[in-house]
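Encoded as structure tokens, the structure appears first; notes follow it.
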């Protein structure tokens, strides 16, 4: 039995109809985010919650899911944002998880092989699979995503995140006030530019960028990179903008 089913088994019937009202109250306007996908998710989700009947019995999961899907298609059409089929489905599942379930940990709860989930703040989630720490296959993880400059979290330890990211083209000049970063090339190669020099890296090579050091990675062709950095690190550091990913996705 998955963790989700165990949780649902322990819940009292009829305890969830006020869920939408709770979500509305909780989702007070927040400061602007620099992550365009996250910003779109916030807008669509806010509109959805506003449209849904607060007295709807969300324990009728399939019925509510169909209602949400119809509204979602209408709202996304009004937004006029072009998304790939994969991005569209990913956005929908994230919103449904927020409304009907436990948000970003919903896929983990539904995974029969996960025996324990430890949440230590909004950006720190640890999982135990079948009573053991999980092995991460980098090739499989890199195959999950295709967007460049969009880091994904695959592990966490001692306040640090292990992230995977694909580079192509030029990133922005930036620095990190409080975080050192490690870049390890898994496939391909890229150049790390500093104000006074440039360093070329290829497969199996790594470079550590000390905090406060201005740098800009650049790759002529697609490169796969593993990052090891404090969990507080935001990819664009001192230069927030269109490429900023405020809250990286766990994969």
Problem - Selected residue (criterion: nearest to residue 177 (Cα to Cα)) from residues of the range 193-206 that are more than 25 Å from the chain's Cα centre (by Cα) and not in a loop (DSSP other than H, G, I, E, B) - result: 194
Completion exercise
Just one listed residue, out of 82, 117, 95, is more than 16 Å from the chain's Cα centre (by Cα) and not in a strand (DSSP E or B), and it is 82
Practice task
Tell me, please, whether a residue that is in a loop (DSSP other than H, G, I, E, B), under 19 Å from the mean Cα position of the chain (by Cα) and at pLDDT 85 or above can be found in the range 124-140.
Solution key: yes
Handout entry: Pick from the range 146-168, criterion assigned to a loop (DSSP other than H, G, I, E, B) and without any contact (Cβ under 8 Å) to a residue 60 or more places away in the chain, ranking: surrounded by the fewest Cβ atoms within 10 Å (Cβ to Cβ)
Key = 158
Exercise for the section: Filter the range 219-251 down to residues that are surrounded by fewer than 16 Cβ atoms within 10 Å (Cβ to Cβ) and not in a loop (DSSP other than H, G, I, E, B) and give me whichever is nearest to the chain's Cα centre (by Cα). Expected result: 230
Exercise for the section: Would you confirm whether any residue within the range 198-208 is touching a residue at least 60 places away in the same chain (Cβ under 8 Å) and surrounded by fewer than 19 Cβ atoms within 10 Å (Cβ to Cβ)? Expected result: no
Completion exercise
Of the candidates 73, 57, the one satisfying the condition of being more than 21 Å from residue 246 (Cβ to Cβ), surrounded by fewer than 15 Cβ atoms within 10 Å (Cβ to Cβ) and at pLDDT 85 or above is 73
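The values are calculated or read from the model by the stated rules, or taken from the named source; none is laboratory data. Just so it is clear, the structure is predicted and the values come from calculations on it, not from any experiment. When we count neighbours, we look across all protein chains shown, and the Cβ atoms used for this are built from the backbone with ideal geometry, even at glycine.
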